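Have a look at the structure below, then the notes.
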Amino acid sequence: MPSRRPTHPRFAVVGHPNKGKSSIVSALALDDTVKISDVPGTTIKQRSFPLSVDGKILYELLDTPGFQRARQVLAWLEKHDVSADKRHEVVQAFINTHKDNAKFNDEIELLTPIMEGAGIIYVVDGSKPYGEEYEAEMEILRWTGQPSMALINHIDESDYSQEWKRALGQYFKMVRTFNPMRTDVSQHISILESMAQLKEEWISPVKQSIKLFEAYHAQMLSQSAEAIAKLLSEALSDVETLTLGDAEASEVDKEVLKEKYKEKLRFLENKTQKQIEKIWNHAHLEKEQALLTFDGIDLFSEEAASVFGLTRKELLITGATSGAVAGAGVDLLLLGHTLFIGGAIGAVVGGVGAYLGFNELSEVKVLGQKLGKRYLQIGPMENRNFPYILLGRAIFHAYHIATRSHALRDVEELSMDSTFKDKWLNEDLRKSLEKYHKMFRSGDEVSVEDLEAYKNLIEGVLEKLIV
Ligand SMILES: Nc1nc2c(ncn2[C@@H]2O[C@H](COP(=O)(O)OP(=O)(O)OP(=O)(O)O)[C@@H](O)[C@H]2O)c(=O)[nH]1
Ligand SMILES: [Mg+2]
């Protein structure tokens, strides 16, 4: 008869209330829907959080309520003491006898998955001193006879991990430290490796899960790079038009079209950010949209230019100025403060943003008669720095999303780090990128191969940043 037991590894995350059990489940299952709060007793029912990729479950974590009456449970078990090989049955007998007794709801919820075969992850807070009250909990877990490991989490700054390690070492084969608030692929994989060591039969399925997890991570990186490559090619080649009718184009018409163009670029950026959040299972960041679109640092602001854009010197070295419209780009750059030609010619003013021609993205052109109608047209992108700003922002966003723990619930202040650019962009890369930016800016159709090559450059950047 085929077994109905799932074949993937399952682990029940258990412990005292309010020690970060749900946070650990959230971080390891990459699931931002796990209920987490600083109110003890937040989790009241056991709930399964499988990590599945393409319909296949890699492993499953069971979030459980904390122990409430460990001493009483242990007293009951000890009253029914039997030889060690029968203790598992006594725990089952406890569950059967008390399953309708609300008093032991939490213990029954947490013991049930373990008795059904789940491995045990016992969570403690290493920032609080060890105490005897934990002994009853650990003793009950020992009675179940299931393979187990302990994770020391640090909710606060203080460190009592030495005393915890001494105590936990007597009950658990494996004792590890884990920080659910930090996302780190190697920390994640190393915990999975520990899980594999708990039981002979688990080695091979857990190893398999690790392989799949690594492939999954690589896939998320690749999909993010693809989304960013598409954003750049679409944004830089975008053309917007406005039909004029018979009248002359007014300044208002030009402004309307410029606004339409900017809106489109913002829309494309926003769409890509959402895609990337979805790829990394961070689809519930609604409240933090303000943060992730860098509120106050608008895509078209001077501040964005100075943080993400290239400096004047970098632009020159990169060759981003070559082939400028009407041959004026280089001259203008050297002459004064304006990189961009067109509307910006007159606007030679000081300041970083100004010399980068920041408000000028592309020239509004009045197109000739077409069936008696006139058109205003803007795009493709003419601003040489814009691609680096858009790309810099996209990489910054992807980096933050990819390294954001799923256990974080608060709105986090995202500091604008002006050295971020140096972490990923060097002269060689700038030159390689520029070739494609130029291609996108030309507005000509970009071949699948070129887009793929550009995507690979971005993927290389993400791989370096997100390890
Ligand atoms: N700074 C910090 N806070 C943490 C850490 N782990 C958990 N917390 C916080 O501690 C509180 C409790 O975390 P939970 O994950 O809900 O704890 P729990 O053990 O599931 O709690 P119950 O379900 O109530 O038993 C939450 O406010 C978390 O944000 C950590 O490593 N660092
Ligand atoms: Mg919880």
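The values are calculated or read from the model by the stated rules, or taken from the named source; none is laboratory data. Quantities reported herein were computed from a predicted structural model and do not represent experimental measurements. Every residue, glycine among them, receives a Cβ derived from its backbone with ideal geometry; neighbour counts consider all protein chains shown.
Assorted remarks:
- Hits in segment 25-49 (condition: closer than 26 Å to residue 278 by Cβ, in a loop (DSSP other than H, G, I, E, B) and more than 10 Å from ligand 2 (Cβ to nearest atom)): 30, 31, 32, 33
- Of all the residues in segment 50-87, those that are more than 16 Å from ligand 2 (Cβ to nearest atom) and either more than 26 Å from residue 206 (Cβ to Cβ) or part of a helix (DSSP H, G or I) (or both) number 19.
- Failed condition for residue 7, given (1) under 22 Å from residue 206 (Cβ atoms); (2) within 16 Å of ligand 2 (Cβ to nearest atom); (3) β-branched (Val, Ile, Thr); (4) exposed (fewer than 12 other Cβ atoms within 10 Å of the Cβ): (2)
- Residue in segment 102-125 that is buried (at least 23 other Cβ atoms within 10 Å of the Cβ) and in a loop (DSSP other than H, G, I, E, B) present: yes
- Candidate set from segment 165-198 (those that are out of contact with any helix residue (DSSP H, G or I) (no Cβ under 9 Å at 6 or more places or on another chain) and over 30 Å from residue 399 (Cβ atoms)); member that is surrounded by the most Cβ atoms within 10 Å (Cβ to Cβ): 165
- Candidate set: segment 256-286, residues that are surrounded by fewer than 21 Cβ atoms within 10 Å (Cβ to Cβ) and of a type in the set (Val, Ile, Thr); chosen: the one farthest from residue 183 (Cα to Cα): 256
- Yes/no for residue 124 being in the same structural domain as residue 18 (by TED's automatic domain parsing), within 16 Å of ligand 2 (Cβ to nearest atom) and modelled with pLDDT of 95 or more: yes
- Residue ID - nearest to residue 27 (Cα to Cα), chosen from residues in segment 90-99 that are loosely packed, with under 14 Cβ neighbours inside 10 Å and at pLDDT 95 or above: 96
- Residue list for segment 58-73, restricted to those being surrounded by 17 or more Cβ atoms within 10 Å (Cβ to Cβ) and either within 11 Å of ligand 1 (Cβ to nearest atom) or more than 21 Å from residue 148 (Cα to Cα) (or both): 63, 64, 65, 66, 67, 68
- If you go through segment 141-159 and keep only what is within 23 Å of residue 73 (Cβ to Cβ), within 16 Å of ligand 1 (Cβ to nearest atom) and in contact (Cβ under 8 Å) with a residue 60 or more places away in the chain, you end up with 141, 151.
- Among residues of segment 42-55 being over 22 Å from residue 152 (Cβ atoms) and not aliphatic (A, V, I, L, M), the one that is surrounded by the most Cβ atoms within 10 Å (Cβ to Cβ) is 46.
- Taking segment 130-142 as the range and being surrounded by fewer than 20 Cβ atoms within 10 Å (Cβ to Cβ) and touching a Leu at 6+ places or on another chain (Cβ under 8 Å) as the test, the residues that pass are 136, 139.
Residue-by-condition table, conditions (1) in a loop (DSSP other than H, G, I, E, B); (2) closer than 19 Å to residue 440 by Cα:
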position: 242; (1), (2): no, no
position: 248; (1), (2): yes, no
position: 254; (1), (2): no, no
position: 265; (1), (2): no, yes
position: 270; (1), (2): no, no
